[in-house]
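The values are calculated or read from the model by the stated rules, or taken from the named source; none is laboratory data. Values in this document were obtained by computation on a predicted structure and should not be read as measured data. Positions of Cβ are backbone-derived with ideal geometry, glycine not excepted, and every protein chain shown enters the neighbour counts. The protein model used for the area step is the full one, side chains on, heavy atoms only, and it has no ligands, DNA or RNA in it. Shrake-Rupley method; radii C 1.70, N 1.55, O 1.52, S 1.80 Å.
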Amino acid sequence: MSETTNTNKEQKKPPLNGRRAIPLNNSNDEENEVPEMEAFGLIPRGFNPKDYLRVVDIHMFQEPHEINKQQHHTDKYYSPKLIVRRGQSFQIQVDFNRPYKPETDRFWLEYLIGRYPQQNKGTYIPVLVGDVLKPGEWGAKITHKENNSVRLSIMSSATCIIGKFRLYVAVWTPFGILRTHRNSATDTYILFNPWCQQDAVYLDDEKEREEYVLNDVGIVFHGNINDIKVRSWSYGQFEENILDACLFLMDKAELDLSGRGNPIKICRVASAVINSRDDNGVIAGSWDNTYTYGVAPSAWTGSVDILLEYYSSKQPVRYGQCWVFAGVFNTFLRCLGIPARLVTNYSSAHDNNANLQLDFFLDDEGKVDTKLTKDSVWNYHCWNEAWMTRPDLPVGFGGWQVVDGTPQETSDGMYRCGPASVQAIKHGHVCFQFDAPFVYAEVNSDIVYSRREKNGIQVIERIDTTHIGQLIVTKKVGDDGMMEITEEYKFQEGSAEERLALETAVMYGIKKQTTQDTVYQPQTDVEMEFQAQKAVLGSDFKVTITFRNKSRNYYTATTYLSGNIVFYTGVTKNEFKKHSFNAKLEPSSSSAFDVVIKSSEYLSELLDQASFHFFVTARINETGKILATQKATVLEVPTLRIKTQGETVAGKEMSVTVEFTNPLKQTLENVTLRLEGPGVLRTMKKEF
């Protein structure tokens, strides 16, 4: 008998494979059982848990009008549970069976997510009660004690997993740990926090946060470039059950819980699960005008019906086209707290083989040969931009990232696209993951019309370099108008910089075939270097571009410099310097070209952590070859000198002088000085 019961138990356990000690933890829905009494060893007969501190009740302050949802901008969510944003403190109250005595009583909180919680994966989080809360790190401190209750302020980590956590309060006794029993009313949702500087999705403008995170309606621009049409879309990210439906999408995509604190990973798997190709995702696309057994794409007015239907049926919802995929994706991103916007690209290239040209093959009569022509131009195409830092890329590529849920081409074997840095696309640095070449082609391809002669030789009839990506738009912040963002994606059409960016993209391995399919050969006999002089706040400084021509040829180089102000996270704020020049390169010699960066050009744009990021691109005109480089540099800010007067003896007064030199040509006003001496002096703030 015992053997059969044993095998039954075995079957219940999920299958293990040889590589992992515990099974995959990729469902926010599943739970493990947590022991209410965890004994340390043998329990003596006289032990009565009731003699010890016992939790009677937990108050979550989860109502929309209460402090937590107000401070965390989550009061609009239609949910009876507590919803907070990571990296920011929230309040709860624990009622015990008697007054809490800090000298002898020990308790802590435990947050768990998924079925196999582990501390090192961030899925089991013990939160100890201490004296101070460190910003952006897990911790708790008591803010108020009254009768049998304690009020706690809890800080979550700014990199915490996004999802629904279960809360337990654990009390230490000499014989074991006593826990509260499972109570779903204390479940806590933790979301991304664009208001928190340490969060990867931090956005510094309140108006933009209100639009890109909290606005639950929007506008989709469609039609074509000569006849722009508008339709409204209800995102509905705060509606009942939508948050659960969005978390379910990550379960569906089988994203391991430990990866759910990372917006890059979340966007990448979501771009695959929004469409039904290869993973039975949310929406089935249909472009053939027959919508049997489903809803026509143009009949949808918002995301809520689609997400709720998918959440209950677990089957793809029919049917969608690009704006439907983008509308639902936008709801998903805003719901989880990732700033997002829906973008329309007019005359969007669908480049089948990512060779940066749309090949239109003509027959003998000069008509397009539909059998041979695989590439296409969409009147418009909608995708999304999500805002985040990109610690996986060099400095300067954070900020808006393209993500696209419409199934067009496969990426790493699945129909998905992004996140791809808009800044990298603009400058042609398409070597940076994910799918930048494809998006670059959507906004920048050339249309090449070619005809095959009778002898098999292909003749190029015409190249149209300006048709693709003529206009890229999104909804304005704060009203329903249209904002053009073409400039974010590309330089002025036909400008030298634009051609340079294109050739840089080609250099970074986008296949741009010539008629003979020649292999790309870089310019090896010229080297380009970029140096920036030490830049002091408030002064002009110069940057130097040096060319070494190692050949015996005389070359000229069209050179373009772009200077950008970046946040310390690498997200670009804006471009403050553009400069182009022609460099003459004498044979076998070096030539240096200085560009002066004036303080007046950057001072008004500065951020508190003053960093610059420069792109330099040059084309050798004689060979058409491209040289490209980029560099980040930081402004020197004046140093503070601290001098002490008087004896430095305990119990005696002393005075401190702080000196620094004002580097600016103006008087400083509203100067705040903060002085702190651990163990000597609490933090002092003085205004001058």
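Residues of the stretch 292-315 that are more than 21 Å from residue 234 (Cβ to Cβ) and touching a strand residue (DSSP E or B) at 6+ places or on another chain (Cβ under 8 Å): 293 alone.
Of all residues in the stretch 262-289, those satisfying the criterion of being within 17 Å of residue 308 (Cβ to Cβ), outside any helix (DSSP H, G or I) and within 24 Å of the chain's Cα centre (by Cα) are 274, 276, 281, 282, 283.
Could you tell me how many of the residues in the stretch 239-252 are modelled with pLDDT of 95 or more and part of a loop (DSSP other than H, G, I, E, B)? Final tally of qualifying residues: 1.
Across the stretch 525-541, what is the number of residues that are assigned to a strand (DSSP E or B) and surrounded by 16 or more Cβ atoms within 10 Å (Cβ to Cβ)? Number of matching residues: 5.
Quick check on residue 95: is it under 18 Å from residue 170 (Cα atoms) and assigned by the TED database to the domain that holds residue 182? Yes; evaluated as a whole, the condition is true for this residue.
The strands (runs of 3 or more DSSP E) found entirely in the stretch 446-489 that carry 2 or more residues being within 22 Å of the chain's Cα centre (by Cα), surrounded by 12 or more Cβ atoms within 10 Å (Cβ to Cβ) and in contact (Cβ under 8 Å) with a residue 24 or more places away in the chain are 471-475. Just the residues that are assigned to a strand (DSSP E or B) and touching a helix residue (DSSP H, G or I) at 6+ places or on another chain (Cβ under 7 Å), please, taken from the stretch 175-210. Matches in the stretch 175-210: 178, 189, 191.
From the list 631, 665, 643, the lone residue that is loosely packed, with under 13 Cβ neighbours inside 10 Å, out of contact with any Pro (no Cβ under 7 Å at 6 or more places or on another chain) and within 24 Å of residue 534 (Cα to Cα) is 665.
When residues in the stretch 74-115 are screened for being in a strand (DSSP E or B) and either open to solvent by less than 10 Å² (accessible area, probe 1.4 Å) or closer than 20 Å to residue 190 by Cα (or both), 16 of them pass.
When you check residue 421 against the structure, is it under 22 Å from residue 346 (Cβ atoms), open to solvent by 10 Å² or more (accessible area, probe 1.4 Å), among the hydroxyl-bearing types (Ser, Thr, Tyr) and in the same structural domain as residue 262 (by the TED database), yes or no? No: the conditions fail for residue 421.
Note on the stretch 326-341: residues that are out of contact with any strand residue (DSSP E or B) (no Cβ under 6 Å at 6 or more places or on another chain) and under 16 Å from residue 406 (Cα atoms) total 3.
Within the set 439, 430, the sole residue that is open to solvent by less than 10 Å² (accessible area, probe 1.4 Å), within 22 Å of residue 617 (Cβ to Cβ), in a loop (DSSP other than H, G, I, E, B) and hydrophobic (A, V, I, L, M, F, W, C) turns out to be 430. Taken together, the residues in the stretch 299-313 that are free of Cβ contacts under 8 Å to residues at least 12 places away in the same chain and either part of a loop (DSSP other than H, G, I, E, B) or of a type in the set (Ser, Thr, Tyr) (or both) amount to 2.
The C-beta contact set for the stretch 154-181 (first residue on the phi > 0 side of the Ramachandran plot and open to solvent by less than 20 Å² (accessible area, probe 1.4 Å), second residue part of a loop (DSSP other than H, G, I, E, B) and not hydrophobic (A, V, I, L, M, F, W, C), distance under 6 angstrom, 6+ apart or interchain) comprises 163/28; 163/260. Going through (1) open to solvent by 20 Å² or more (accessible area, probe 1.4 Å); (2) touching a residue at least 60 places away in the same chain (Cβ under 8 Å) one by one, residue 280 falls short only on (2).
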